[in-house]
1. How would you classify region 433-495 from its alpha-carbon gyration tensor, with a ≥ b ≥ c the square roots of the eigenvalues: rounded for a/c under 1.5, else prolate if a/b is greater than b/c, otherwise oblate?
2. Past the 29 angstrom mark, what percentage of all C-alpha to C-alpha distances in region 422-605 do you count?
3. If you count, for each residue, the other Cβ atoms within 10 Å and average over each peptide, how do 464-474, 139-149, 184-194 line up from highest to lowest?
4. On a 28 Å Cα-Cα criterion, which of the cross-link pairs Lys335/Lys412; Lys39/Lys589; Lys22/Lys67; Lys42/Lys412 come out too long?
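Derivation of every value follows stated rules applied to the coordinates shown; laboratory data play no part. Predicted, not measured: the structure shown is a model, and the values here were computed from it. Note that we place each Cβ from the backbone using ideal geometry, even for glycine, and neighbour counts take in every protein chain shown.
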Amino acid sequence: MRFSIESQGQALAGTVDPSVYKDAVVVLATAGVIVPFAKSFKINSIIAFVACGALLGPFGLGGLVSKVPLLSTVTVSNAEALAGPAELGVAFLLFVIGLELSFERLMTMRRLVFGLGLGQVGLSAAAIGLVAYALGQPTTAALIIGFGLALSSTAMVVELLAAKKRMTTSAGRASFAILLCQDLAVIPLLFLIAVLDAQNGSGSLVAGLAQAFIQAAAAIATIVVIGRLALRPLFRLVASTDSAESFMAATLLTALGTGLIAAAAGLSMGLGAFIAGLLLAETEFRRAIEVTIDPFKSLLIGVFFLTVGMGVNPAQIAAHPVAILAIAVGLVAIKSLIIFVLARRFRLSAATALETALMVSPGGEFAFVLLNDASATGLLDRNATSIALAAVSLTMVALPLQARFARHFAQKLAAPVTLPDEAKVLPPDDRAPRAIIVGGGRVGRLVASMLDEHGKSHILIDSDAALVTAQRRSGRPAFYGDATQPDFLRLCGLEEATALIVTIDNPRAVDATVQAARALRPDIVIVARARDAAHARHLYEIGVNDAVPETIEASLQLSEAALVGLGVPMGLVIASVHERRDGFRAQLKPAGAAAARALPRHARSRRL
């Protein structure tokens, strides 16, 4: 009996074919090892996926497997094997885009989304399509090329803007509005390609469009009706179980299920996933779903860009280098000019228009989706597709560098700041000892009022001219300037100051201010606002006397209010809160205690 079981176990073990899992291992190695390694050198993750695809694909090392069989273990010789996961990546990307949309958000940005964005897509597609037609492409092919190359890379642009904390700037909002319109345009464009394929060489185009529209409308109506009736109850049921695994399964089922329903109706999976995202965006589970789907989305989008890289044929690029470079430069030039002119028409500043134009002008991931679909259905010549996509790849690779130039040129073009008269007043040069409050927001104003109440002299400084003007008009001693600059701190009387209180909510600016002040005055008392415990620990390390973490203070105040409300005597509550605060400070401060001990004795004992 033992022999039989052991034999069966050995037989089962022997049936495992490692080659079946080879491509999956290559993908995971790329996502788990190569991409983090590339990020350590500040290389964009999408560029890393594309480069790995080109290197490990059938046109790279995969093409040498016949000569060097050992390479088969680390390459993907059949890019079509990853077509399924790559299509899922696009579906999940559209699913998340649907989650990010809402009627309220569209209405808030409608002027830029449906004005600037729609104008960019239409004019860019027309201009690029006319160029393609002039170069000999048929009307249908030129139309598809025009729309495909008019789209930009949502994944890369948003990642670059978020990394530089520029999503909330004028250029960030304008770029996002254009990208949002482009994402919305992908859906009808995918539908158009499906209709053109169905009518390719047979029947009336108008009749075909009507039939396809009715079929699509029926499928979409089915998804919407079922979704509105079933999705919210489903997620409420799953959420009530408090099971992360069940919630994840329900999320994946929704994205994939609606995608498959749309595919069964002759539409794209991405369209179904997009509609599902729109439906879930109006529910209370939207944020939880985004967090749940993010790892899958990132990995599957990585697979998509890996397959994009595998389609890059270095030999073909070498055969048409001038044409590819000319298309890439022309694409960026045409789109930049159109976006800049439109942005100026929409009353954006020249600096904002230029930065937006340079950020959004390169091609994007949906060019690969549209052009490859059109090529697979015979609507577009494969050679033209390869050359166009090679040019798009080139513009995407250049996007991080182009983003740097965009910011640099925008700063050069920006109009100089005109200060109100109140903001031009210089800090007093009377050498009087007083506290310096950095930041004139709500926190800074509250600190200033407390110092007033206790008769402590102070001045308030901020880099927001409008805020300083408002404070001066209300009678406060506020002054305009950048506290991270040592010269300005000297001008504010740091050498005679009794204390420096940093209340701004920008961690980088807080760090820079503390370091500049500590370098000028090793003995000054510095109290700084911290984002959280980790930031507070860092501030102690760079020399503050006290750091006040927002999250800890908020939790202590909530606890104090709750305990008093529950009937605990006020004295006991206050004592408990103070004890807990001292405990947190003791946990955070040891790393900076050595620096504090190094200060002169009188500095540690000084008070406001």
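1. Details: a/c = 1.91, a/b = 1.15, b/c = 1.66.
It is oblate, given that a/c is not under 1.5 and a/b is not larger than b/c.
2. Numbers: 4167 of 16836 pairs.
Of the Cα pairs, 25 percent sit more than 29 Å apart.
3. Numbers: 464-474: 17.0, 139-149: 23.4, 184-194: 20.0.
Most protected by this proxy first, the peptides run 139-149, 184-194, 464-474.
4. Numbers: Lys335/Lys412 21 Å; Lys39/Lys589 32 Å; Lys22/Lys67 19 Å; Lys42/Lys412 25 Å.
Cα-Cα > 28 Å for Lys39/Lys589; rest within.
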